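A.B. asks: Before I ask anything, let me first share the structure, which is written out below as structure tokens.
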Amino acid sequence: MENKNPIDIVSQYYAALGERNIEMIMKLFPEHLDWQVPGNETIAPWLGQRNTYNQIREFFELLWQNTKPVSAAINHIATDGNVILSSGNFETLMLKTGKNFKSVFFTEITVVDGLIVKYILLEDTLGLMSALHQ
């Protein structure tokens, strides 16, 4: 990574996420990290705690096999050293049910040496469960 500024790394991540560019996304993660996207893993298998590069790749593969993006916006970004906090909203089509899921989200992303070493995503998991219920 040429640019190791935490805010730039997070911006690269969000840009790659918006493009569903798995190769660009994965360049931003080390072999081991702290990844948390809380929720019911039985209903939404992409949710949960993950700790390795391969598990992060699996997260995106599962997410993208089961969803289609409708819209997304980042409303605020704040920095505290190498920790980036962001908030926004998104809408996603759940392919299994054909229902749209709308939610606000908050992330806490920690960047060390140009790589994302900690990632926490909070969203409306009750709304997600409703959108996935037949």
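Since every read-out is calculated from the coordinates, none of them should be taken as a lab result. Remember, predicted model here, so these are calculated numbers, not experimental data. Positions of Cβ are generated from backbone atoms using ideal geometry, with glycine treated the same way; all protein chains shown enter the neighbour counts.
A.B. asks: Residue separation times 0.36 nm, minus the C-alpha to C-alpha distance between Glu108 and Leu62: what's the value? Mind showing how you got there, number by number?
C.D. replies: Working: separation 46, 0.36 × 46 = 16.56 nm, distance 2.16 nm.
Computed gain between Glu108 and Leu62 is 14.4 nm.
A.B. asks: Using amide H atoms built 1.01 Å from N in the peptide plane, name the residues 5+ places from Asp124, or on other chains, whose amide H lies under 5 Å from its own.
C.D. replies: When sequence neighbours closer than 5 places are left aside, the close amide H contacts are Val104.
A.B. asks: To continue, here is another question. Sequence-distant or interchain residues sharing an amide H contact under 5 Å with Ile116, placed H: which?
C.D. replies: Phe29
A.B. asks: Specify whether the C-alpha gyration tensor of the chain places it in the rounded, prolate or oblate class, a ≥ b ≥ c being the square roots of the eigenvalues: rounded for a/c under 1.5, otherwise prolate if a/b is larger than b/c and oblate if not.
C.D. replies: Values: a/c = 1.85, a/b = 1.56, b/c = 1.18.
In terms of gyration-tensor shape, prolate.
A.B. asks: Still on this structure, I have one more. Convert each backbone phi in segment 57-66 into a coupling constant with the Karplus relation 6.51 cos²θ - 1.76 cosθ + 1.60 (shift: θ = phi - 60°), then list the ³J(HN,Hα) values in order as whole Hz, x for Gly and Pro.
C.D. replies: Once rounded to whole Hz, the list reads 4, 4, 3, 5, 4, 5, 4, 6, 6, 10.
A.B. asks: Another question, if that's okay. Choose one of Leu33, Asn82, Ile43: the residue whose Cα lies farthest towards the positive end of the charge dipole of segment 6-132 (beta-carbon charges +1 Lys, Arg; -1 Asp, Glu; about the Cα centre).
C.D. replies: Going by the Cα projections, it comes out as Ile43.
A.B. asks: What's the FRET efficiency of Val83 with Gln134 using the Cβ-Cβ distance as r and R₀ = 41 Å, to the nearest 0.05? Can you show the working numbers first?
C.D. replies: On the way: r = 39 Å, r/R0 = 0.96.
E(calc), rounded to 0.05, equals 0.55.
A.B. asks: Any chance you could give the angle, 0 to 90 degrees and rounded to 10, that helix 6-19 forms with the longest Cα principal axis of the chain?
C.D. replies: Helix 6-19 and the main axis of the chain meet at about 30 degrees.
A.B. asks: Next question, about the same structure. So, R0 is 22 Å and r is the distance between the beta-carbons of Tyr53 and Lys4; what FRET efficiency does that work out to, to 0.05? Don't skip to the answer; put the middle values down first.
C.D. replies: Working: r = 19 Å, r/R0 = 0.84.
Using R0 = 22 Å, I get an efficiency of 0.75.
A.B. asks: Once phi is turned into ³J(HN,Hα) by the Karplus curve 6.51 cos²θ - 1.76 cosθ + 1.60 with θ = phi - 60°, what whole-Hz value does each residue of segment 108-122 show in order, with x for glycine and proline?
C.D. replies: After applying 6.51 cos²θ - 1.76 cosθ + 1.60, I find 10, 10, 10, 10, 10, 6, x, 10, 7, 9, 9, 9, 10, 10, 10 Hz.
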